[in-house]
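Trainee: Can you read through this structure? Questions will come right after.
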Amino acid sequence: MTHVVTESCISCRYTDCVDVCPVDCFREGPNFLSIDPDECIDCAVCVAECPVNAIFAEEDVPSDQQQFIKINIETARHWPSITKTKAALPDADQFKDVKDKLHLLVR
C-alpha cells in the first residue's frame, strides 16, 4: 500500500510533508507534489504534516479523488525527487480552500 497526494495540493504545493519522509518518495511538479508508490513505505508520517489535508492512504482516498492514485503514479515517473522543504507557491493561501482544482494541475 502507498499514500496518495490529492487535489488539495494543486496550486499550493506546501512541502511540509517532504522533510519528514524517511525514504524521499515525494516528486515535485510545477504546482503539485506526488508520491512515488514504488518508494513509499506507507509510514504515514507525511499525513499529519500536510496543512491542506491532501495526503491519504491509498485505501482511504475519497471516492471523488480516486483519479489521483493514477495521477501520482504517472507524475512520479517523470517529476524529480524533492527532499527538502521549499516555500509554498506564491498564491498557495488563496488556493488552499478551493475545490475542483483538477483543471489547474500542470503536468
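Trainee: Quick one: count up the residues across segment 37-71 that are in contact with a helix residue (DSSP H, G or I) (Cβ under 9 Å, 6 or more places away or on another chain) and polar (S, T, N, Q).
Mentor: Count: 3.
Trainee: Got a number for residues in segment 9-50 being open to solvent by 30 Å² or more (accessible area, probe 1.4 Å) and either without any contact (Cβ under 8 Å) to a residue 40 or more places away in the chain or in a helix (DSSP H, G or I) (or both)?
Mentor: Total satisfying the criteria: 14.
Trainee: Something else about it: Spot the failing condition for residue 92; the list is (1) out of contact with any helix residue (DSSP H, G or I) (no Cβ under 9 Å at 6 or more places or on another chain); (2) surrounded by fewer than 17 Cβ atoms within 10 Å (Cβ to Cβ), and only one is missed.
Mentor: (2)
Trainee: Right, here's the next one. From the set of residues in segment 56-89 that are of a type in the set (Ser, Thr, Tyr) and out of contact with any Asp or Glu (no Cβ under 7 Å at 6 or more places or on another chain), which is most open to solvent (accessible area, probe 1.4 Å)?
Mentor: 63
Trainee: May I ask you to verify whether residue 53 is open to solvent by less than 60 Å² (accessible area, probe 1.4 Å) and among the polar types (S, T, N, Q)? Step through it out loud before you land on a result.
Mentor: Numbers: open to solvent by less than 60 Å² (accessible area, probe 1.4 Å): no; among the polar types (S, T, N, Q): yes.
No; evaluated as a whole, the condition is false for this residue.
The values are calculated or read from the model by the stated rules, or taken from the named source; none is laboratory data. As the structure is a prediction and not an experimental result, all values here were calculated from the model. FYI the Cβ positions are ideal-geometry reconstructions off the backbone, even for glycines, and counts take in every protein chain you see. To get the accessible areas, we keep the full protein, side chains included, count just its heavy atoms, and leave off ligands, DNA and RNA. Shrake-Rupley method; radii C 1.70, N 1.55, O 1.52, S 1.80 Å.
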